[in-house]
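Worksheet: one structure, shown below.
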């Protein structure tokens with residue numbers, strides 16, 4: 001009997017030593033749940049099976065159009081009664097078995113990034129479930145069984161094609177986080193107001209056109225995300241059955257409010273009652289002015305108003321003395337209020353792309369300022385008080401009208417980047433002292449000062465130069481149009497039947513009714529190089545096609561009578577001449593033979609040689625094939641492109 005007791009105790013000690021409470025199979029290219037999981041079903045508490053894409057399988061099999069992923073969950077997996085954390089995200093799960101209800105100790109279930117079309121009704125059997133993440137699944141609707149999980153604290157339903165939330169969502173009295181971003185929601189159920197501990201509500205990237213009134217009943221909400229909707233205004237009050245109730249002003253504990261990327265045209269003054277607000281994001285709206293709402297916001301740390309239509313900033317911004325980040329870029333500001341100097345905790349200030357003409361000298365009181373950017377304004381003078389910003393590290397002054405810098409900037413010991421031009425290669429440029437010609441004061445300058453106007457810096461000409469350039473381009477465009485209208489490309493086959501010629505005013509003319517299309521092979525690169533170096537065309541045009549500068553065409557029978565002979569060059573008294581076969585005389589280079597006289601030996605008409613047009617007949621304006629310059633003369637001396645002999 002003691003022997004069996006010893007053996008039993010040995011087995012227990014062995015099982016305890018091999019017990020596993022956590023198994024991690026993330027990114028292991030699994031197609032099924034490994035058997036090792038089932039060996040530790042009594043002790044397993046955390047199981048990670050996310051991102052199991054078996055790429056190696058289908059590379060070996062030659063299959064590139066499908067993915068081998070974890071698709072099914074075996075029933076023995078749900079025998080792990082002690083499992084508290086299960087991560088099945090980023091797989092190819094089509095469904096969750098009803099046996100999920102047997103995991104009574106499950107607290108966190110992550111099934112995001114799968115192909116789930118619905119959640120099982122038996123999921124309500126997970127009495128201890130606190131976190132459910134079903135984002136990025138084509139659910140389309142939330143089953144009522146999820147709303148019956150009274151223990152649920154965090155629910156993530158981002159990008160699940162939801163069009164509405166069930167009215168029973170108010171049952172989850174312990175719900176603290178609700179994220180329904182990137183769906184098709186337009187309204188919220190009234191029961192959301194019965195969630196007493198809800199502190200984060202994410203409604204971003206939906207189809208809301210009106211601010212939900214039920215938000216006014218969420219007195220304990222801390223984070224509210226309403227970005228990327230189509231909101232036009234934030235109402236101050238809403239009408240109930242018997243009275244008017246405040247909406248946003250009732251959220252006295254609100255710390256983060258994001259309504260960026262909407263169509264807001266104005267703000268309600270009740271926003272000032274959110275005294276606990278720390279982050280206010282109003283970027284990319286249509287705001288033209290701001291009410292006096294920032295004074296009571298003593299806890300405000302980040303204020304983002306960039307990409308609006310603001311022409312001025314409320315002086316009450318100085319009352320929010322706790323602001324650390326202030327984004328005012330891409331507006332129409334012409335000045336800053338002097339109260340900005342009261343922001344002693346400010347460390348980042350963006351004023352890019354506005355219409356500022358100067359900076360207030362009170363800005364030098366922001367002793368903690370580290371980043372100051374005023375790119376793309378009309379600033380011509382930098383106040384010397386900026387030299388008091390001893391913690392300033394980045395100062396951007398590009399695309400302004402600054403002529404010089406104050407000498408006080410030399411006291412900025414922690415300055416790491418001073419940007420004065422968009423073409424600046426190094427963050428810091430050496431500054432030298434000089435005297436201002438107008439005031440005689442000592443200033444700092446460098447090779448990048450004075451700054452040119454932003455238009456000139458971007459390659460845009462001044463008005464008088466731009467007008468001249470437009471006239472030149474107009475004349476050049478007219479000449480190009482005349483050349484294009486005068487030259488017509490015609491295609492025809494070798495068949496003697498007439499073809500319609502597109503683009504000719506007289507397409508039925510006999511002269512334009514027949515032509516031949518000859519195919520010329522594409523020249524090789526070495527032929528192109530020789531052509532560029534010695535002006536020798538790689539493939540001369542056939543003798544029966546003669547392009548002209550005026551666009552006129554020559555009938556094939558006329559070209560058949562024209563005789564082309566290779567020219568013979570010889571030197572005579574420092575002049576290069578050529579002799580044409582069939583002609584009795586010598587024609588100096590730079591003259592043009594007539595097409596008719598080349599066959600009959602009649603008189604020549606002198607004309608200057610144009611390399612880009614070839615020899616052109618004076619009367620008929622028929623372009624004849626360009627005669628390349630010689631490489632050697634008759635005495636085998638090398639001749640360059642100008643006609644002079646290199647040997648002399």
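Annotations
- If the segment from residue 104 to residue 411 were pulled out straight at 0.36 nm per residue, it would be longer than the present Cα-Cα gap by 103.8 nm.
- Virtual spin-label span in nm between residue 81 and residue 41, 7 Å along Cα→Cβ: 1.1 nm
- Stokes-Einstein D in µm²/s, Kirkwood radius over Cα pairs - segment 15-198 at 10 °C with 1.306 mPa s viscosity: 91 µm²/s
- Residues 96, 248, ranked from the fewest to the most other C-beta atoms within 10 Å, line up as 96, 248.
- Separation of alpha-carbon centers, segment 324-343 and segment 151-214, rounded to whole Å: 35 Å
- The relative contact order of segment 15-198 comes to 13 percent, based on Cα pairs under 8 Å that sit 6 or more residues apart.
- Contact order, relative form, for segment 100-228: 18 percent (alpha carbon pairs under 8 Å, 6 or more residues apart, mean separation divided by residue count).
- Per-residue Cβ neighbour rank within 10 angstrom, fewest leading, 334, 147, 348, 439: 439, 334, 348, 147
- Take the Cα radius of gyration of segment 287-457 and divide it by 2.2 N^0.38 Å, N being the number of residues; the result is 1.03.
- Fewest-first sequence of 327, 184 by Cβ atoms within 10 Å of each Cβ: 184, 327
- Values of log10 I(q)/I(0), in the order q = 0.13, 0.16 Å⁻¹, for segment 236-344 under a Debye, Cα-only, solvent-free model: -0.47, -0.70
- The simple spin-label model puts a point 7 Å past each Cα toward its Cβ; for residue 190 and residue 95 those points are separated by 3.8 nm.
- Legend: Rg and Dmax of segment 391-438, from Cα coordinates, 11.3, 31 Å.
- Once the chain from residue 371 to residue 230 is taken as fully extended at 0.36 nm per residue, the excess over their C-alpha distance is 47.5 nm.
- Relative contact order of segment 302-411, defined on C-alpha pairs under 8 angstrom at six or more residues apart (%): 20 percent
- Here residue 391 and residue 263 are evaluated by their C-beta separation; at R0 = 35 Å the FRET efficiency comes out at 0.35.
- Mean Cβ neighbour count within 10 Å, used as a protection proxy, ranking 116-125, 426-435 highest first: 116-125, 426-435
- Cβ-derived FRET efficiency at R0 35 Å, residue 140 paired with residue 173, nearest 0.05: 0.85
We did not get these values from a lab; they are worked out from the coordinates using the rules stated. In this text, all values refer to a predicted model and were calculated from it rather than measured experimentally. With ideal geometry, Cβ positions are generated from the backbone for all residues, glycine too; neighbour counts draw on all protein chains shown.
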